[in-house]
Amino acid sequence: MAEGDGPVHAPARPSGLLDVLRVASVVLDSEGRIVLWSPQAEELFGYSAQDALGEYAARIMVHEQHVDLVVKLFADVMGTGQSWAGAFPVRRKDGTTRLVEFRNMRLLDDQGQVYALGLCADQSTVHRLERDVALSTRMIAQSPIGLAVLDTELRYVSVNPALEELNGVPAEEHLGRTVREVVPRMDVDALETAARRVLETGQPVVDQSTIGRTPADPHQDHAWSISLYRLENAFGTVLGVAVSIVDVTEQYRAGIEAEAARRRLAMIADASGRIGTTLDLDRTARELADVAVPELADVAAVDLLDAVVQGRSSSLGPAEAAVIRALAVQGYDSAEALEAADAPGQVARYAPDRLVTECVRSASAVMLPEVKDEDLPRIARSPEAAELLGRAGVHSYLAVPLIARGEVLGALDLKRTRNPLPFTEDDLLLARELAARAAVQIDNARWYQSARDTALTLQRSLLPSHPPVTGGLEVASRYQPAGATSEVGGDWFDVIGLDGGKTALVVGDVMGSGIPAAAAMGRLRTATNTLASLDLDPARLLEHLDKITAGLEQAIATCVYAVHDPRLRQCRIANAGHLPPVRLRAGRPPELLDLPTGVPLGVGGVAFATTTVDLEPGDRLVFYTDGLVETRRDSLDDRLDTLLSLLEGPDRPLEEVCDLLLRTLHEPDNFDDVALLIARATAPD
């Protein structure tokens, strides 16, 4: 016989049930004498084996009034072989009476001798166990919680009706199979790991969450709370694992919705802080795109109608294409989708059938939760772009209009590639909220940009164009407006030819910004040109300008006015609250001219003074406004020292010096504009 083919001789694992019942065994011969008496019988009836063996059972165990009945029942069992079961009052050795459950049956040995076997247990113990079993059975059968017992190999031993319904699998198809075989789309690995840990340690696992799908609902994810407990018998032998399963899908989905709502609120709060930090149109659009990616979309584009950018009406007819200027595009791990998008600053024409055209024409959102291949040409600008979007895996699309003060400005265009979920109504609400908040900021930036462009145009139109050489001077100049988020100021310069080969040099700064400052600057420049033609002393000329400035509404200005006389090789200079010019002479370090500072124009009540300085051929004068040297971080003295150090060294072309100073000193985020004028004295003709 091969190994493993024969019977296995091994002790069976003990059961604790008989020990709970404390079942006693008693054997009677055909005369009714006790021939076998178990230890449990000693405990149940109070008689030791020595007391009981050989005695008539009826005499020592039964009250006199029950003897006849007992004799008859004994005869029936011994005579007919019919078993008898029931409860009977038994007299114990101490005289008390106890109801005992009996199971009596006839035995036959190999000699043909007949015996009676009685299996006995205390009736109260039996009834208690029956109640416990009945209660457990009813609770398990009627419990709304899914219950199962797994053996030590983690195979189903039993399941209740609730678990049948949860899993969508009949009870008989559970038995003998593992969890992986019955519900493979649950998180089986985590469940088996927890169950083995419970078997090994005896420590229960309570309320372990898991997500998955069962045959009962194969198309939707469900959430369950699972608890596991080790089962042992009275001897401590491990029998398996008890499993309770509660469907918590509704709470799970409510939690997801609450978390999604929290994230939406957080995103809106984040957008409020991040969008519109400046009045720069392009930056505001970039901020909107940055907020949308990747929380809401994998690719976001902010586009404005080109007519809106140019300040014209934005309405579109039913068959009219949309001419759109891209302001910003942002993507998350979507190179091909970004390549398909219009680059910032690019103007593209979208046909009437395009979805973004429909969005801005109707002023309504357009959403395609599931993008099909035939939808891509309606999203992209061109067939090539549609092919790129297909390769990028665009599967969901959403466009919402940017509307401010009742006017459609453009659209926020959103696509999903990496995010597997389609756009939902909740996403649409969030996108609308972002677009509504951003549109106001974009509109503010648009109008500010328009007003700034107007002021800058006016400012540049009022600044002079002068020849590079005038009288006895070679001249170079620059005007640099403030950063893109700042308004145009009132800085100006002028080079005015006078009689006798003399030249007037002017640099000034009207306090304030925008069109009012530019307009005031234009009036002061005109007045300066008129007064300069009278060949007035610089101090006298500033006095007249002071009176003119006082007549302008809310106008104050600083100014340096200088007259160069090449014959005398001198410059007469007067200062009205302005920073001092720098003189550069060969072989000497640059110096700030020591001039009486004076007070700004428009203040009045203080006389101005004229200072004469020498200016030999080759000497240079550098005039500038405070926007070149003032910052919010550094002291003015430090900045003036930096200016002097930049001017130090060999003589260089004036245009090159202008570029150097602006490039080094005027910072991109400076909130003030700059006027710069450099003059070099030349040798007389």
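Summary of values
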read-out: Mean Cβ count within 10 Å, highest first, over the residues of peptides 515-521, 46-52; value: 515-521, 46-52
read-out: Cα coordinate range in segment 506-614, projected on the principal axes (Å, largest first); value: 46, 28, 25
read-out: Phi-based couplings in Hz for segment 192-201 (Karplus 6.51, -1.76, 1.60; Gly and Pro marked x); value: 5, 4, 5, 5, 5, 5, 5, 4, 6, 9
read-out: Cα-based reach from residue 502 at 19 Å (exclusive), listing aspartates and glutamates while leaving out same-chain residues under 8 positions away; value: 474, 494, 535, 537, 565, 614, 616, 619, 685
read-out: Built amide H within the under 5 Å cut-off of residue 346, gap 5+; value: 326
read-out: Qualifying aspartates and glutamates (Cα of each under 15 Å from Cα of residue 372; at least 8 residues distant if same chain); value: 387
read-out: MRE, 222 nm, helices only [DSSP H, n ≥ 4, -39500 (n - 2.57), over the chain, to nearest 500]; value: -11000 deg cm²/dmol
read-out: Distance (nanometres) between label positions extended 7 Å along Cα→Cβ at residue 207 and residue 290; value: 4.1
read-out: Per-residue ³J(HN,Hα) for segment 338-344, Karplus 6.51 cos²θ - 1.76 cosθ + 1.60, θ = phi - 60°, Hz, x for Gly and Pro; value: 5, 5, 6, 7, 6, 5, x
read-out: Nitroxide proxy distance, nm - points 7 Å out along Cα→Cβ at residue 553 and residue 216; value: 7.8
read-out: Reachable aspartates and glutamates, given that their alpha-carbon falls under 19 Å from the alpha-carbon of residue 93 and they are not under 8 places away in the same chain; value: 42, 43, 51, 55, 64, 101, 122
read-out: Cα-based helix-to-principal-axis angle, 636-647 vs the chain, degrees rounded to 10; value: 70
read-out: Prolate/oblate/rounded label for segment 94-238 (Cα gyration tensor, a/c 1.5); value: prolate
read-out: Using θ = phi - 60° and Karplus 6.51 cos²θ - 1.76 cosθ + 1.60, couplings along segment 523-536 (whole Hz; Gly, Pro as x); value: 5, 5, 5, 4, 5, 4, 4, 5, 5, 4, 5, 7, 6, 7
read-out: Distant-in-sequence amide H partners of residue 168 (H built 1.01 Å from N, under 5 Å); value: 216
read-out: Segment 263-452 shape via C-alpha gyration tensor axes, a/c threshold 1.5; value: oblate
read-out: Nitroxide proxy distance, nm - points 7 Å out along Cα→Cβ at residue 637 and residue 145; value: 8.0
read-out: Placed amide H near residue 36: partners under 5 Å, 5+ positions off or other chain; value: 27
read-out: D (Stokes-Einstein, µm²/s), Kirkwood Cα radius, segment 463-681, 1.306 mPa s at 10 °C; value: 92
read-out: Stretch gain in nm, segment residue 36-residue 197, where the contour uses 0.36 nm per residue and the Cα spacing is subtracted; value: 53.3 nm
read-out: Overall form of segment 570-685 per C-alpha gyration tensor (a/c, 1.5; a/b vs b/c); value: oblate
read-out: All-pairs alpha carbon distance profile, segment 17-128, 10 Å steps from 0, percent; value: 14, 50, 31, 4, 0
read-out: Principal axis dimensions, largest first and in whole angstrom, of the chain by Cα; value: 163, 60, 58
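Read-outs throughout are calculated quantities, based only on the coordinates presented, and are distinct from any laboratory measurement. Please read all numbers here as calculations on a predicted model, not as lab measurements. All Cβ positions, glycine included, derive from the backbone under ideal geometry; neighbour counts span all protein chains shown.
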